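The values are calculated or read from the model by the stated rules, or taken from the named source; none is laboratory data. Please read these numbers as outputs of a predicted model, since none were measured by experiment. Reconstructed Cβ throughout: ideal geometry from the backbone, glycine too, with neighbour counts over all protein chains shown.
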Amino acid sequence: MYRLYGAKGSGSAMVEAALAETGAAYEVAAVGLGTDEQRGESYRELNPTRKIPALVLPSGAVIAESAAILITLAERHPESKLLPSMGSDERAQALRWLVSIVAEIYPMIEIRDYPKRFAIGEKNEETIINIARNRARERWLSIERAIAGSPWLLPTGFSIADLAIANVSRWTIGKDWRIANLSKIEAIHAGILARPKAGKVWASHFGA
């Protein structure tokens, strides 16, 4: 059985949805973000970066980092078709945008949510928050333009990249701006809600 450490509405949503798609047995261990539980020593022993999600594999090994977890699940459960076939151009594109979200957008979210880590003084914090939000919006617009499926990123259908896109787009950029500018990404979000397996998980994190 898999054991997922996460919190409602966090990056663990995409992992839990992927687990649901595989049909594998799993359980969720809630980590209290409001109390900074992930910063505590007990969680650090599990994941030294003190971030969520973290996934304990059936063997007892621990995997952290959202993209790595999603790719691991796709590789271990190929029958679930969480990624296009090995060696295909479509798989390369799914991995490209998955990594782009983790490398290009996640850092902007950390800056936006924890400006004291990057700036000294209230005025500087406000400036860096605005810069991070605008950079994130620019990068989301690039992903919006790249979406070639209906409603998925790829014309070939659903993949773990769609889970990452829908999950991370819920944060930082503002709901009104997202709805006004990212209609394709909103369609991916709605598409996940409509899926028989992942949809129930998605609704538990983000509402119907």
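The table below gives the values:
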| read-out | value |
| --- | --- |
| Residues that are out of contact with any Phe, Trp or Tyr (no Cβ under 9 Å at 6 or more places or on another chain) and not aromatic (Phe, Trp, Tyr), drawn from the stretch 164-186 | 172, 174, 175, 176, 179, 180, 183, 184, 186 |
| Any hit, the stretch 93-101, residues being modelled with pLDDT of 95 or more, more than 14 Å from the chain's Cα centre (by Cα) and buried (at least 18 other Cβ atoms within 10 Å of the Cβ) | yes |
| Matching residues, the stretch 109-127, being surrounded by fewer than 12 Cβ atoms within 10 Å (Cβ to Cβ) and basic (Lys, Arg) | 116, 117, 123 |
| Out of 127, 72, sole residue that is at pLDDT 95 or above and out of contact with any helix residue (DSSP H, G or I) (no Cβ under 6 Å at 6 or more places or on another chain) | 72 |
| Residue match in the stretch 134-153 (condition: surrounded by fewer than 20 Cβ atoms within 10 Å (Cβ to Cβ) and of a type in the set (Val, Ile, Thr)) | no |
| Residue selected from the stretch 1-57 under the condition modelled with pLDDT under 95 and among the β-branched types (Val, Ile, Thr), by the criterion farthest from residue 163 (Cα to Cα) | 35 |
| Residues located in the stretch 11-28, provided they are farther than 20 Å from residue 78 by Cβ and crowded, with 21+ Cβ neighbours inside 10 Å | 11, 12, 13 |
| The stretch 179-198, residues that are touching a residue at least 24 places away in the same chain (Cβ under 8 Å) and of a type outside the set (Gly, Ala, Ser) | 181, 182, 184, 185, 188, 192, 195, 197 |
| Failed condition for residue 60, given (1) within 27 Å of residue 188 (Cβ to Cβ); (2) free of Cβ contacts under 8 Å to residues at least 24 places away in the same chain; (3) not hydrophobic (A, V, I, L, M, F, W, C) | (1) |
| In the stretch 160-191, the residues that are of a type in the set (Val, Ile, Thr) and either touching a Lys or Arg at 6+ places or on another chain (Cβ under 8 Å) or outside the structural domain of residue 97 (by TED's automatic domain parsing) (or both) | 172, 173, 185 |
| Unique residue being of a type outside the set (Asp, Glu), in contact with a helix residue (DSSP H, G or I) (Cβ under 7 Å, 6 or more places away or on another chain) and at pLDDT 95 or above when the list is 146, 208, 180 | 146 |
| Candidate set: the stretch 102-136, residues that are within 22 Å of the chain's Cα centre (by Cα) and aromatic (Phe, Trp, Tyr); chosen: the one farthest from residue 148 (Cα to Cα) | 114 |
| Qualifying position, being in contact (Cβ under 8 Å) with a residue 12 or more places away in the chain, within 24 Å of residue 9 (Cβ to Cβ) and of a type in the set (Gly, Ala, Ser), among 150, 169 | 169 |
